[in-house]
């Protein structure tokens, strides 16, 4: 009997394996096979076009070979970052490795003569992609040549699986984000970075452009950026590209939103992604205030981690209370609820260190008048009263805070939670240390 049971088990296992292996091919997710264009190398040399190839990029170009040679390896390195962010690509129907073909052109007529710049390629200012091919014009700056090449290559990766439902602002924003790169001191490449102070990103002037937009009163809400569509990008204007890059960078790096954004990125090739993306932050009350605070202080090196606000509603109090305010963080909830029309005495003591250079700044709550941030001395204790996290822009709110210094009396026009921070640039928090002790009492 036991032998017969063993035989039946063996037959059942074989049947299950056969069933699994007989899954129709149509049900498997694969990348379509791509017929790559082939060219006569001798004819290309006559035209002044050379080929540089790596595992992930086959590049044809007429620029200086010394400048072209390192470019394909950049795409190879970025490929691992793409797959970490979006997930691995499905296999190709013909089993071919994923490889992009790019055309980097100094003289476009050479590429027309080689039948590389086809008639079906739409007009473009800087670059354009179709499927697993891209075309780009030579750039003035070495950095921006690399940036644009990585941008167009990212488009190719993101569209490798047909039928993806990705909104254009997300597509362009992520391409711009992955184009931002730099090399560490040991040569390690970092992709998808937010620009850092002291590094050169020649030709990439998004932060300066956006700062001018904001100063001119043309700031976009995060929800507005997420409505940018194909018509907004049709004219190759800077505005939609810059704001899309900024929103993708914000969602990718801000500790409150990044985990959800990373989960969404891994679903970007699935049907319904656009709907998921729209709905993901629809009811997120923290998105608007964090976004508005970010764009009001945006600059190279913005510290997303330390600038994030932990919105914590305060509680009423009657007796004097002491709280601590750290110098290496942005806005911090005191845990205290202030009432409208009542006067509160705030006093502060202690010292903080701003910076860790050979001559760091040592400050008390009144601040250091030799250096300013946001129009006030660095190190000065600031306060804000927040009733609703969505309403942070009024007088005495997070965007227009009150100066406390060593002491002050405040009488809030609107009741709310009391927040503090030590004044400094939001790009300079990482090497700050120390804290103030702040006393709060009813007058």
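The values are calculated or read from the model by the stated rules, or taken from the named source; none is laboratory data. Nothing here was measured: the structure is a model prediction, and the numbers come from that model. Here Cβ is always computed from backbone atoms with ideal geometry, including for glycine, and neighbour counts include all displayed protein chains.
Which members of the range 148-164 meet the condition of being touching a strand residue (DSSP E or B) at 6+ places or on another chain (Cβ under 7 Å) and buried (at least 18 other Cβ atoms within 10 Å of the Cβ)? Across the range 148-164, the qualifying residues are 148, 149, 150, 151, 152, 153, 155, 156, 160. Evaluated against (1) out of contact with any strand residue (DSSP E or B) (no Cβ under 7 Å at 6 or more places or on another chain); (2) surrounded by fewer than 17 Cβ atoms within 10 Å (Cβ to Cβ), residue 144 falls short on exactly one condition, (2).
Would the range 28-46 turn up any residue that is over 30 Å from the mean Cα position of the chain (by Cα), modelled with pLDDT under 85, assigned to a loop (DSSP other than H, G, I, E, B) and over 30 Å from residue 258 (Cα atoms)? Yes; the residues of the range 28-46 include at least one that is over 30 Å from the mean Cα position of the chain (by Cα), modelled with pLDDT under 85, assigned to a loop (DSSP other than H, G, I, E, B) and over 30 Å from residue 258 (Cα atoms).
Identify all residues within the range 149-174 that are within 20 Å of residue 232 (Cβ to Cβ), in a helix (DSSP H, G or I) and touching a residue at least 24 places away in the same chain (Cβ under 8 Å); write none if there are none. Spell out the reasoning first.
Taking the range 149-174 first, the residues within 20 Å of residue 232 (Cβ to Cβ) are 151-152, 154-155, 158-159, 164-174.
Imposing the further condition that a residue be in a helix (DSSP H, G or I) reduces the set to 151-152, 154-155, 158, 168-174.
Of everything in the range 149-174, those that are within 20 Å of residue 232 (Cβ to Cβ), in a helix (DSSP H, G or I) and touching a residue at least 24 places away in the same chain (Cβ under 8 Å) turn out to be 151, 152, 154, 155, 158, 168, 169, 170, 172, 173, 174.
Only one entry of 355, 341 meets the criterion of being touching a residue at least 12 places away in the same chain (Cβ under 8 Å), over 16 Å from the mean Cα position of the chain (by Cα) and closer than 27 Å to residue 411 by Cβ, and that entry is 341.
Please find, among 117, 104, the residue that is in a loop (DSSP other than H, G, I, E, B) and in contact with a helix residue (DSSP H, G or I) (Cβ under 8 Å, 6 or more places away or on another chain). Among 117, 104, only 117 is in a loop (DSSP other than H, G, I, E, B) and in contact with a helix residue (DSSP H, G or I) (Cβ under 8 Å, 6 or more places away or on another chain). Collect the residues in the range 41-60 that are within 21 Å of residue 148 (Cβ to Cβ) and touching a strand residue (DSSP E or B) at 6+ places or on another chain (Cβ under 9 Å), keeping them in residue-number order. Residues satisfying the conditions are 49, 50, 51, 52, 53, 56, 57, 58, 59, 60.
Taking the range 375-398 on its own, how many of its residues are surrounded by 15 or more Cβ atoms within 10 Å (Cβ to Cβ) and touching a residue at least 40 places away in the same chain (Cβ under 8 Å)?
Step one: list which residues in the range 375-398 are surrounded by 15 or more Cβ atoms within 10 Å (Cβ to Cβ), which gives 376-387, 389, 392, 394, 396-398.
Right, trim to touching a residue at least 40 places away in the same chain (Cβ under 8 Å) and you get 376-382, 384-386, 389, 392, 398.
Adding up the residues that qualify gives 13.
Here is the figure for the range 228-267: residues that are assigned to a loop (DSSP other than H, G, I, E, B), touching a residue at least 24 places away in the same chain (Cβ under 8 Å) and in contact with a helix residue (DSSP H, G or I) (Cβ under 8 Å, 6 or more places away or on another chain) total 7. Screening the range 75-97 for residues that are in contact with a strand residue (DSSP E or B) (Cβ under 7 Å, 6 or more places away or on another chain) and crowded, with 19+ Cβ neighbours inside 10 Å and picking the one that is farthest from residue 152 (Cα to Cα) gives 78. The condition (being assigned by TED's automatic domain parsing to the domain that holds residue 80 and in a loop (DSSP other than H, G, I, E, B)) is satisfied by just one residue among 125, 109: 125.
So if I check each of 195, 167, which one is under 16 Å from residue 301 (Cβ atoms), in contact with a helix residue (DSSP H, G or I) (Cβ under 8 Å, 6 or more places away or on another chain) and surrounded by 14 or more Cβ atoms within 10 Å (Cβ to Cβ)? Write out each step before concluding.
Working: 167 fails: under 16 Å from residue 301 (Cβ atoms).
Of 195, 167, the one residue that is under 16 Å from residue 301 (Cβ atoms), in contact with a helix residue (DSSP H, G or I) (Cβ under 8 Å, 6 or more places away or on another chain) and surrounded by 14 or more Cβ atoms within 10 Å (Cβ to Cβ) is 195.
Restricting attention to the range 175-211, which residues are within 21 Å of residue 139 (Cα to Cα) and assigned to a helix (DSSP H, G or I)? If the condition is that a residue be within 21 Å of residue 139 (Cα to Cα) and assigned to a helix (DSSP H, G or I), then 175, 176, 177, 178, 179, 206, 207, 208, 209 are the ones that fit.
Every residue, every condition in (1) in a loop (DSSP other than H, G, I, E, B); (2) more than 32 Å from the chain's Cα centre (by Cα); (3) modelled with pLDDT of 95 or more, yes or no:
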| site | (1), (2), (3) |
| --- | --- |
| 394 | yes, no, no |
| 398 | yes, no, no |
| 412 | yes, yes, no |
| 418 | no, no, yes |
| 440 | no, yes, yes |
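Among the residues of the range 71-84, none qualifies, meaning not one is assigned to a loop (DSSP other than H, G, I, E, B), touching a helix residue (DSSP H, G or I) at 6+ places or on another chain (Cβ under 7 Å) and modelled with pLDDT of 95 or more.
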